1. If residue A:26 passes every condition in (1) open to solvent by less than 30 Å² (accessible area, probe 1.4 Å); (2) within 19 Å of the chain's Cα centre (by Cα) but one, which one does it miss?
2. Within the stretch A:156-165, how many residues turn out to be open to solvent by 40 Å² or more (accessible area, probe 1.4 Å) and in contact with a strand residue (DSSP E or B) (Cβ under 6 Å, 6 or more places away or on another chain)?
3. Residue A:145 passes all but one of (1) in contact with a strand residue (DSSP E or B) (Cβ under 8 Å, 6 or more places away or on another chain); (2) away from chain B (no Cβ under 14 Å); (3) in contact (Cβ under 8 Å) with a residue 40 or more places away in the chain; (4) within 30 Å of residue B:180 (Cα to Cα); which number fails?
4. Taking helices (runs of 4 or more DSSP H) that fall entirely within the stretch A:9-128, which contain at least 3 residues that are of a type in the set (Val, Ile, Thr) and at pLDDT 90 or above?
5. Can you tell me how many residues in the stretch A:84-123 are surrounded by fewer than 16 Cβ atoms within 10 Å (Cβ to Cβ) and aliphatic (A, V, I, L, M)?
6. Residue check: is residue B:157 closer than 17 Å to residue A:82 by Cα and of a type outside the set (A, V, I, L, M, F, W, C)?
7. Residue B:276 passes all but one of (1) open to solvent by 70 Å² or more (accessible area, probe 1.4 Å); (2) within 14 Å of another protein chain (Cβ to nearest Cβ); which number fails?
8. For the stretch A:167-187, which residues satisfy the criterion of being open to solvent by 20 Å² or more (accessible area, probe 1.4 Å) and either without any contact (Cβ under 8 Å) to a residue 60 or more places away in the chain or not aliphatic (A, V, I, L, M) (or both)?
Amino acid sequence: MINVALPKGRIGDKVRKIFAQIGYECEEPDKDDRRLVIENADGTIRYLLIKPSDVGVYVERGAADIGVLGKDTITETNPDIFELADLNIGKCKMCVCAPNDWEDDPDSVLRVATKYPNIAKNYYNSVNRQIEIIKLNGSIELAPILGLSDVIVDIVETGTTLKENNLHPVLPILDISARLIANKSSYRFKSEEIENITRKIKELNGI
Amino acid sequence: MESEISILKKSELAELKLRRLYEQYGYQKYRMNQFEEYAFYIENKNFLGSDSFITFNDKDGKLMALKPDVTLSMVKNTAADMAGSKKLYYSENIFRFIKNAGEYRELNQTGLELIGKVDLLSTAEIVTLAAKSLEIIDASYVLTVSHMGIISGLLEEIDADYTVKERIMECISEKNPHDLRKLGESAGIDIDIIERIEKLISINCLLNAASEALDSIVCNFTTFEAVKEIKAISEIMTGSKYADRIRVDFSSVSDMQYYNGILFSGYIEGVASAVVVGGRYDNLLRKMNKGNLQAIGFAVNFYELDRFLKEKSNSSGLQTVAIKYSEKADLKKVYEIAEKYIAEGKKVVCETDIPENAEYEKIIEIDENGEVSCK
């Protein structure tokens, strides 16, 4: 039995379809279904439906053997896990974004609003730029509009929200997609099943 | 003696068994101070993997730190030389910042170090001791073996700055071939080397079945010598009952400033992270001006193990007799009955009130008239 930590929501639904395609089909929960654990009929796989940002914790601590987690959360939280495959879904970019009329002043400390302080800090460290991090939990685009920050570091999918708030992406700093991750201890004791799943997912993606 | 042993917790018993095992192999107990100068630890923060220590000032104002590690002090104070190796083991409490707990913890670490001359036989012996240590803790275990020589040999072939090489090492430790491939493309690294590293990442097989996969990675003298060493250790261990628990897997990667040879990590089924970690660290001795001395060792971390072993054990193992007495009862009689059962080797609890769902081997009730009844 493999325990799979899946992010609740759109990505989780897509991942369940991928697992169904490689032979781990299980019943489709309906809209009113509030179960957080779903097991397939032959007892080979158990899906744990988890808040996306918690998937890494479940896998790192061995409550789940494998899981699916965005590269943004992996990079931000740096869990001690294996990253076995790129599922090529949920693709987007982490970007530095700024108001359309913004001009960088390299002589000043840059104020950066973000949900991802570690990613922002590591990026600006790598280019030797002094910054002040403003950690926010949502509506990041509002920060430069109200003068709370100079720029933001955030996920850009289509760019529509940015455009509607007179912002634009200045610089992509990280390619994001959903990744198959594994607990380091589970990988040793269930290596055949985990490697089998990894291989089939890669084959499905033509890798 | 058996009854004394029965009260030990599983982790305490495991620690004693480990000590006995290490003594059998000629290792001597090493005892150290609880603290060292802060500067000593901060100079070697990469070896420790942390720069967070519990610090305090001694009476002369010198900044000290509670020890976060034992190996560094052993190396610093070693009297070993190439003609007289030191085989030392320890079982000490150390003080570390635990990321998952978000605070400092005092935790037990038991381990051993061989400092002086390390040859193939002693390396095979240490690998066997790491496997035997895991076996003492639980029957379901795996020891993975890696080699820094292979990793550094592959990195020698790459003409890129250290940040790229660091990221390659991260990809190896994450078993992450997809980001490695992208990194190779963006940094203009020879595809042949990237493919060899991808092969390295994919290796996950028994030690005695790794020969062909290891040969496919060799690309220079450093990788050749490292592969030769793994094969020689495999050859020595052929037929050993531990050989089929040892897998070659290069996701164990350590800082090249300190580690230079074989590395290993041990896992117990049901414990989320490695419980045994060790390897060859001659480079640490170079860094600490210890001439040509060589060293290898490992530590068993009890932090994760404590909960695992607790869940597997049944309290103290002693059978318990409960004595429920009335406050008006003859207390001398209660005292005498309790002493009688203790002399028989039982665990005894005397209470005026005993919960209904409590489980005891026997419950003795003494009422206010001195009447004794048993359940």
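1. So residue A:26 meets the others, but not (2).
2. Filtering the stretch A:156-165 for residues open to solvent by 40 Å² or more (accessible area, probe 1.4 Å) gives A:157-158, A:160-161, A:163-165.
If we keep only those that are in contact with a strand residue (DSSP E or B) (Cβ under 6 Å, 6 or more places away or on another chain) as well, we get A:157.
Selection size over the stretch A:156-165: 1.
3. Failed condition: (4).
4. A:55-60, A:71-77
5. 1
6. On the way: closer than 17 Å to residue A:82 by Cα: no; of a type outside the set (A, V, I, L, M, F, W, C): yes.
No, not satisfied.
7. Result: residue B:276 passes all but (1).
8. A:168, A:169, A:172, A:175, A:184
The values are calculated or read from the model by the stated rules, or taken from the named source; none is laboratory data. Owing to the predicted nature of the structure, the values given are computational and were not obtained by experimental measurement. When we count neighbours, we look across all protein chains shown, and the Cβ atoms used for this are built from the backbone with ideal geometry, even at glycine. With ligands, DNA and RNA removed, areas are computed over all heavy atoms of the protein, side chains included. Shrake-Rupley method; radii C 1.70, N 1.55, O 1.52, S 1.80 Å.
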